[in-house]
Each structure stands twice: as C-alpha cells, then as structure tokens.
Amino acid sequence: MNKSIAVYWRMTRPHTLTASFVPVVVGTAIVAPRIESLRMDLFFAMLIASMLIQIATNLFNEYYDYKRGLDTENSVGIGGSIVRDGFKPGTILAFAFSLYGISALLGIYLCLETTWWLLLIGIVSMFVGYIYTGGPLPIAYTPFGEIVAGFFMGYVIIAISAYLQIGYVPTEAIAISIPVSILIGSILLANNIRDLDNDKVNGRKTIACLVGHQKAVYVLIVFFAAAIISLLIAVLAFNVTWWALLALLSIPLMIKAVKLFWRDLPPQELMPGMAQTGKVNTIFGLLLAISLTIANL
C-alpha cells in the first residue's frame with residue numbers, strides 16, 4: 001500500500017506542481033493592494049482546482065504515452081509507471097477523471113461566488129488538459145505544446161485568480177503573467193530536449209525535434225531572456241512593484257540549466273538539466289510571489 005501511494009505521488013510529478021501553485025499566488029498577490037481583504041476561500045478553491053487539473057493532465061500523459069508505446073521499462077525519468085509498477089491503465093485513467101470531477105465541483109463553487117463565465121473557461125481548460133496528450137493529434141506531439149501550456153497555466157490561471165478577488169483583470173496582472181507563462185513553457189521545452197531522440201522515433205514534431213538539440217538549447221536561452229525582459233517591462237511600464245525584480249536572482253539558475261543542456265548527451269545524462277529548468281521556474285515564481293507579498297505589507 002505504501003509503495004502504491006509512493007508511485008501515485010511520483011506520477012503526479014510533484015516537482016512540476018509549482019507551475020500551477022505559483023500562478024494562483026501571483027495572480028492573487030498582484031491585486032491584493034486593490035482590496036481591503038482577500039477572499040481566502042476563493043483563493044484556496046482556485047489553488048486546489050488548478051493543481052488537480054495539472055495532476056490529472058500528468059496522469060493523462062502517463063496513460064496515453066503507455067497506450068502509444070512511448071513508455072517502456074527503460075523509460076528515462078518518472079514516466080512509465082504503468083509498465084514498471086504494474087498499474088492497470090484503466091486505473092490511472094479513472095484516477096485522472098476523478099480529479100477532474102473534484103476540480104469541477106470547486107469550479108462550480110467559484111462560479112456561484114462570482115460568474116458562470118468561469119465555467120466555460122474551466123471546461124476549455126480541462127479539455128485542453130486532456131487533448132494535450134490524448135485524442136488523435138495530441139498538442140504535446142506538435143510544436144505548440146510549450147505555448148499552450150504556458151498560456152493556460154500562466155496567463156489563464158493568473159487572470160482568473162485576479163478576477164476572483166476584484167471582479168476584473170487589471171493590466172499589471174496580464175503583464176506579470178507573461179514571464180510566468182514563458183518559464184512554464186520552458187519546463188516543457190527542457191523535457192522535450194531530453195526526450196528528443198525517442199520523440200523523433202515515435203513521430204513527435206516538438207520544437208526540439210524540428211530544430212535539433214543545439215538549436216533547441218538556443219530556443220531555451222531565448223525563453224529565459226524573454227522572461228527576464230518581460231519582467232523588466234512589467235515593472236517599468238505596467239505599474240508592477242519594483243520588488244518583483246527579486247525574481248531576477250534566479251538568473252544564475254538559468255545559466256546553469258543552459259550549461260547542463262549544452263552538450264548533446266544521452267537522455268539520462270540530461271536529467272539534471274531538466275530538473276534545473278524546473279528549479280528555475282520554481283525559484284523565479286516563488287521569488288515573484290514573495291516580492292509581491294512584501295510589497296503589499
């Protein structure tokens with residue numbers, strides 16, 4: 001039983017969950033100065049729903065990678081639990097849909113407290129989470145995976161979190177969502193750089209597959225540079241607090257991630273680069289959330 005719990009936990013890909021946690025905190029913190037007190041019930045409902053949708057998406061990825069034969073006992077990373085740990089595919093799929101069900105109930109509560117338009121956004125978000133790796137043409141198999149993931153987990157979550165508190169989405173929330181979205185996309189890019197060879201064999205058309213290892217690393221550098229520049233623009237032109245520049249302390253982590261990916265090595269040896277890119281997103285996001293909170297004190 002303990003082993004099963006450990007495997008389920010691994011399949012949620014906990015190191016990636018800051019990608020749904022941070023945007024909720026940032027979206028809430030950016031509008032906090034505009035109101036006397038935050039609706040913490042809405043904050044936690046949004047936080048839990050966002051994380052459950054992300055976990056369900058990770059489980060769909062686990063299921064469909066298995067169904068398409070991408071995961072084997074020799075798969076690199078945390079994928080392949082169905083093959084290695086003996087889980088029934090139907091169990092994983094049912095677990096994913098059950099998490100969708102819980103997030104839907106939380107979404108209904110948010111709608112009752114605000115507007116039913118959120119229901120439409122929630123349905124679209126869950127649908128995209130499913131077709132990211134499911135359906136006849138999974139988004140993850142195209143060059144648009146980084147863009148879609150960044151948009152929905154960055155901009156959309158931040159915008160909704162801000163709206164829940166004040167009833168509209170201010171310009172500074174949109175501005176601050178851009179660097180967050182870009183860095184979330186960088187996590188997917190790093191994953192695709194690591195899996196480049198295997199993805200090519202299985203017919204994927206990710207950015208990394210289309211441009212090759214070295215150029216994909218250049219794309220990662222562009223992602224990092226764009227996140228830095230967009231943060232500076234948010235501060236200089238869109239009334240985001242100067243405290244937000246604390247997030248630039250993550251730049252050394254970005255440099256290290258690039259160095260780890262610089263040589264075209266076997267997938268197992270690129271794992272540290274992928275982990276480092278996830279760390280960049282985590283530290284940048286947490287520093288941003290902390291800085292916005294400090295600014296509100």
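The values are calculated or read from the model by the stated rules, or taken from the named source; none is laboratory data. This structure is a prediction, so every number in the text was calculated from the model and none was measured. Counting neighbours? That spans all protein chains shown, and the Cβs are built from the backbone with ideal geometry, glycine included. These accessible areas exclude ligands, DNA and RNA; they are computed on the full protein's heavy atoms, side chains included. Shrake-Rupley method; radii C 1.70, N 1.55, O 1.52, S 1.80 Å.
Computed quantities for the displayed model
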quantity	calculated
DSSP H segments from the chain that extend 20 Å or more along their own axis, Cα-based, with Kyte-Doolittle mean of 0.5 or above	40-67, 89-113, 117-131, 171-194, 213-237, 267-296
Spatial extent of region 136-183: Rg and Dmax, with the Cα atoms as the point set, Å	12.6, 40
Inter-probe distance in nm under a simple model that places probes 7 Å from Cα toward Cβ, at residue 275 and residue 205	3.5 nm
Share of carbon and sulfur in the accessible heavy-atom surface of the chain [1.4 Å probe, %]	70 percent
Solvent-accessible surface ranking, highest first, for 188, 183, 297 at 1.4 angstrom	297, 188, 183
Potential extension, residue 88-residue 232 segment - 0.36 nm per residue separation minus Cα distance	47.1 nm
Solvent accessible area, Å² - residue 109, 1.4 Å probe, full protein context	90 Å²
Net charge dipole size for region 143-229 [Lys, Arg +1 and Asp, Glu -1 on Cβ; Debye, nearest 20]	200 debye
Cβ-derived FRET efficiency at R0 51 Å, residue 263 paired with residue 105, nearest 0.05	0.60
Heavy-atom SASA rank of 172, 113 (probe 1.4 Å, accessible area, largest first)	113, 172
Qualifying aspartates and glutamates (Cα of each under 17 Å from Cα of residue 88; at least 8 residues distant if same chain)	62, 65, 71, 73
Solvent accessible area, Å² - residue 147, 1.4 Å probe, full protein context	110 Å²
Area of residue 259 that stays accessible when all protein chains are in place (1.4 Å probe, Å², to 10)	150 Å²
Which of 264, 195, 41 is most accessible, then next, and so on - probe 1.4 Å	264, 41, 195
Whole-number D in µm² s⁻¹ for region 211-276, Kirkwood Cα-pair radius fed into Stokes-Einstein, 10 °C, 1.306 mPa s	121 µm²/s
All-pairs Cα distance distribution in region 121-210, expressed in whole percent, bin size 5 Å	3, 15, 21, 20, 17, 11, 8, 4, 2, 0
Dimensionless Rg ratio for the chain, taking C-alpha atoms and the 2.2 N^0.38 Å reference	0.98
Calculated diffusion of region 249-294, Stokes-Einstein form, Kirkwood radius summed over Cα pairs, 20 °C and 1.002 mPa s, µm²/s	190 µm²/s
Heavy-atom accessible area per residue - the chain, 1.4 Å, Å²	46 Å²
Positive-end residue, the chain charge dipole about Cα centroid, Cβ charges, pick of 121, 45, 190	190
Partners for residue 279 among lysines (Cα-Cα distance below 23 Å; same-chain residues under 8 apart left out)	215, 256, 259
